[in-house]
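Okay, structure first, notes after.
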Amino acid sequence: MNVYIEVNADQHRWCVHMDQWHVGFRTPDEAEQFVERLTARLNAPHSLDMLADSPIWNQMAGRHAQLSAKAMPSLGRCVKEA
């Protein structure tokens, strides 16, 4: 993720850009604090175990299993037809 601060001199604001997203701040200190915290979180170690317990991850995994089952017939069915 590309994170950088841009000054908007016309509005006396500082804008933190994060790829296509941006957030405005009133002071450069607020913008710097936000960037420091964001980069610390982005660079922190992340465990797949944390994701495995997430309800969103479980929904995605369940949906993937449903799509895979529809795309590929079961082995038992293939053996019977052969």
Query raised in the report: So if R0 is 35 Å, what FRET efficiency would residue 47 and residue 23 give, r being the distance between their Cβ atoms, rounded to the nearest 0.05?
Result: 0.80
Query raised in the report: With the Cα gyration tensor of the stretch 1-44 giving a ≥ b ≥ c as the square roots of its eigenvalues, does the rule (a/c under 1.5 for rounded; else a/b larger than b/c for prolate; else oblate) give rounded, prolate or oblate?
Result: oblate
Query raised in the report: Any idea how far apart residue 2 and residue 36 come out in nm if each label point goes 7 Å out from Cα toward Cβ?
Result: 2.5
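Read-outs throughout are calculated quantities, based only on the coordinates presented, and are distinct from any laboratory measurement. Since we're looking at a predicted model, the values are computed, not measured. When we count neighbours, we look across all protein chains shown, and the Cβ atoms used for this are built from the backbone with ideal geometry, even at glycine.
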